[in-house]
Every structure is written in C-alpha cells, then in structure tokens.
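Written below as structure tokens is the structure these notes are about.
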Amino acid sequence: MLQSSTLKFLKDLSRNNNKPWFDAHRKQYEDAKKDFETFIQAVIDKHGLKDETIREQEAKKCMFRINRDVRFSKDKSPYKNNLGASINRGGRKSVFAGYYFHLEPGQSFVGGGIWMPMPSEMKKVRQEIDYCYDEFRKIVQSKKFTTIYGDLYKEEGIGLSRVPQGFEKDNPAAEYLKLKSWIAMQSVKDAELTVKDLVKKTLVAFETLQPMIQFINRSLDNAE
C-alpha cells in the first residue's frame, strides 16, 4: 500500500507546479519518492518469483525522474504530476516489453507492454503476431486478460489507418498489426492506492500480462 501523504503531495504539486514551491516541499517529495520505491520493490520481489527476467531489477532504477523535459513542450511546468516505474527485462531503457505502474491521483493505472518501439523492433513484433496469431489472440482475448484489461490500448494515434506494408489487407491479425504500441492498462482508483490489497492487485495485473510480455520479448530476443 501507499501512504495517503504520497497522494497528497502529488495533488499539491499539481496545484503548485513551480520550483520555489517544490524546493520548499522537497522533504515531502523525498518521502513520497521513498514510499513509491518501497511499493515498487515489493512488487518486483514478489513478481520476480514468477518472471525471472525482472528478478534482479531495483525499484530505484525503474523509476522515472519527476523533472519534465520542457524543451519542446508548450507546457513549461517543471515537474510531472505523477510517479512512474517501468520494470523491464534488461532495465528501464531496454528495448524489451515490460510492466508499468503509474501513480497520479485520479489517473493511476497498472499494466505494461511495449510503447512505440523503433521500426526494427516494431517489425519483429508484427511478424511474430502474424506468424503466431492464434497464440497471440488466445492471450489477449482470454477471459482473464479481458476481465483485467478489456483489450489492448487502441486510442487514436497509437495505430495505423491501414495494415502495414508487407501484410495482406485481409490478414486476420490486422487490428493488432496496425498498432504501433502493444500495451494494456487497468485503472486504479485513489481509494485502492492506500489499502493493503494494492500489491496483490498489481501482482494479478502483472501475472495476467506476463504471457503477452513473453510473447513480445520472444520476437526481440536477438535484439540484446
């Protein structure tokens, strides 16, 4: 579980997103960061028993910096209003698919997959889906997967309007081949963040996602 003070800090930060306020509340930030790190490490330790590819990961190396890169953004707010951690085989910056937890009051979610891979990796994932579509379909359309995630994320901008070059237009896997990211997300309510069941809820989400993670990473094995 996470501390209510961690959520309060993020709520306050969203209303006071500036350096003077942040500097004056750095102690609260450090406490919130440590609280989130402790939670993520507990998840890694437990899920690592089932997915050995992430067993050696350290929470602090999986977490994203709170500072925003504002160089190319109209929004010059210096800080993110969230804490996030990406737990991946090979580390947070690896090419492999992995697990993700996003902590943001009112917009928290758990899930994972692979987000906007480079063209060479994207091609490998699509080929694997094409070659082994029955297997992939059974994973993402299983009762357990759809109960937790519904479906893969398919919002506007995450996919192509047409089946990519090299695949038949009537390919049975067309809806998945058009995607540029293969991710699944389950919302987490604020009330669920501060109860003991949070680790359990996260583990169930990760365990449900694991077959898809393994499927994607199988296509990228020679990318290391």
Checklist outcome for this item: Under a Gaussian network model of the chain whose springs join Cα atoms within less than 10 Å, the largest fluctuation of Ile114, Ile158, Ile148 belongs to Ile158
Checklist outcome for this item: Any GluC sites (Glu not before Pro) in segment 125-172 that lie in a DSSP loop and have at most 16 other Cβ atoms within 10 Å would be Glu155, Glu156, Glu168
Checklist entry - Taking the chain on its own, what percent of its Cα-Cα pair distances exceed 26 Å? => result 41
Next on the checklist: Tell me the angle of helix 119-131 to the major Cα principal axis of the chain, expressed in degrees between 0 and 90 and rounded to the nearest ten.
Outcome noted: 50
Next on the checklist: Ignoring ligands, DNA and RNA, please state the percent of accessible area on segment 75-224 from carbon and sulfur, probe 1.4 Å.
Outcome noted: 49
Item to check | Scattering curve values for segment 68-147, log₁₀ I(q)/I(0), Debye with Cα scatterers, q = 0.19, 0.26 Å⁻¹ | outcome: -1.07, -1.24
Item to check | Cα Rg, Dmax (largest Cα-Cα span) when computed across segment 159-201, Å | outcome: 17.8, 49
Checklist entry - For segment 7-84 and segment 155-224, what is the separation of their Cα centres, given in Å? => result 22
Checklist outcome for this item: Per principal axis, largest first, the Cα atoms of segment 24-116 extend in Å by 40, 31, 23
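Could you do me a favour and compute the accessible area per residue for the chain, 1.4 Å probe, result in Å²? Present the calculation step by step, with values, prior to reporting the outcome.
On the way: 12430 Å² over 224 residues.
Accessible surface, normalised per residue, equals 56 Å².
The values are calculated or read from the model by the stated rules, or taken from the named source; none is laboratory data. For clarity, every value in this text was computed on a predicted model and none was experimentally measured. Note: ideal-geometry Cβ built from the backbone for every residue, glycine included; neighbour counts use all protein chains shown. These accessible areas exclude ligands, DNA and RNA; they are computed on the full protein's heavy atoms, side chains included. Shrake-Rupley method; radii C 1.70, N 1.55, O 1.52, S 1.80 Å.
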